[in-house]
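Contents: one structure, followed by commentary.
No value in this document is a laboratory result; all are computed from the given coordinates. Only a predicted model underlies this, so the values are computations on that prediction, with no experimental measurement involved. For neighbour counting, all protein chains shown are included, and Cβ atoms are generated from backbone atoms with ideal geometry for every residue, glycine included.
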Amino acid sequence: MHIFYTPDILTKAELPEEEALHCIRVLRLTQGDEITLTDGKGYFYLAEITATTNKRCTVIIKKTIEQESLWPCHLHIAMAPTKNMDRNEWLAEKATEIGIDELTFLNCRYSERKVIKNERIEKILISAIKQSQKARLPRLNKMTDFNQFINQTFNGQKFIAHCYEGEKQLLKDALRKGEDALVLIGPEGDFSQEEVKKAIEKGFIPISLGQSRLRTETAALVACHTMIIVN
């Protein structure tokens, strides 16, 4: 099943240009063919193509289907991006396929990358919801300074994964099923001890993701998968 991302479908019965080009030139669909759309807001739309040109594809909606939430709470990963951009993109794709509601990249003391271009990540998120047949597009926030981020108000459980010695629970044991959850994942050099201390003072619970030393993007994906499994 081919799914097309059409965020404005309720106000504009037409595919965005990039989606229209894929529909017409790659898949060679034409007037009268039936397609599936999603607005990324929790709905699928069964539609029929009414007209096509070189760059345009108009449709009429035949049926609206609301996709029930696939998990009962809001899941948020906040990660310091890796120096290698491909790994950040891989994480964004795989976390979306597994299940996530919100993604934030953090600027930490030991961050190796200080700039993230959201436009590219946004395209990956869109592709991932279509591939995994999800009707909800995760929220992608602008890169945020660590200190600013932990001072924001969050509802639900808050965790920080780090590699320093000290009392820590496994994330799978610390999570409470059905409650919103936010997990912070540090850079390759880990959070600084000062950052960990500040986060704990702000109510973040220190957690472990297991005995293995994980790469940043692997740790973020393990956290994502754990939250989905527990819920």
(message) Tell me the relative contact order for the chain as a rounded percent, counting alpha carbon contacts under 8 Å between residues six or more apart.
(response) 21 percent
(message) Using a Cα-Cα cut-off of under 24 Å, which lysines could be cross-linked to LYS130, ignoring same-chain neighbours fewer than 8 residues away?
(response) LYS12, LYS41, LYS55, LYS62, LYS63, LYS94, LYS117, LYS142
(message) For the chain, take the longest principal axis of its alpha carbons; what is the angle in degrees between that and the long axis of helix 85-98, to the nearest 10 within 0 to 90?
(response) 70 degrees
(message) Output wanted: per-residue J couplings in Hz (rounded whole) for segment 100-109, from phi through Karplus 6.51 cos²θ - 1.76 cosθ + 1.60, θ = phi - 60°, x for Gly and Pro.
(response) 7, 9, 8, 9, 10, 9, 9, 9, 10, 4
(request) Using amide H atoms built 1.01 Å from N in the peptide plane, name the residues 5+ places from ASN107, or on other chains, whose amide H lies under 5 Å from its own. (result) THR144, ASP145, PHE146
(request) Check each of the trypsin sites (Lys or Arg not before Pro) in segment 175-210 and keep only those in coil by DSSP with at most 12 other C-beta atoms within 10 angstrom; list them in order. (result) ARG176, LYS177
(request) Using the Karplus curve 6.51 cos²θ - 1.76 cosθ + 1.60 with θ = phi - 60°, work out ³J(HN,Hα) for each residue of segment 19-32 in order, rounded to whole Hz, and write x for Gly and Pro. (result) 5, 4, 4, 5, 5, 7, 8, 8, 8, 6, 7, 8, 3, x
(request) Would you work out which of GLY40, LEU106, LEU175 lies farthest towards the positive end of the dipole of the chain, given +1 charges on the beta-carbon of Lys and Arg and -1 on that of Asp and Glu, about the Cα centre? (result) LEU106
(request) Find out how many positive minus negative residues lie around GLU48, taking Lys and Arg as positive, Asp and Glu as negative, among other residues whose Cβ is under 15 Å from that of GLU48. (result) -1
(request) Would you please give the residues with an amide H less than 5 Å from that of GLY42, counting only those at least 5 places away or on a separate chain, with H modeled from the backbone geometry? (result) ARG136, LEU137
(request) Convert each backbone phi in segment 134-147 into a coupling constant with the Karplus relation 6.51 cos²θ - 1.76 cosθ + 1.60 (shift: θ = phi - 60°), then list the ³J(HN,Hα) values in order as whole Hz, x for Gly and Pro. (result) 10, 9, 10, 8, x, 7, 10, 8, 5, 4, 10, 4, 3, 5
(message) Just to confirm the number: angle between the C-alpha axis of helix 216-230 and the first principal axis of the chain, 0 to 90 degrees, nearest 10?
(response) 80 degrees
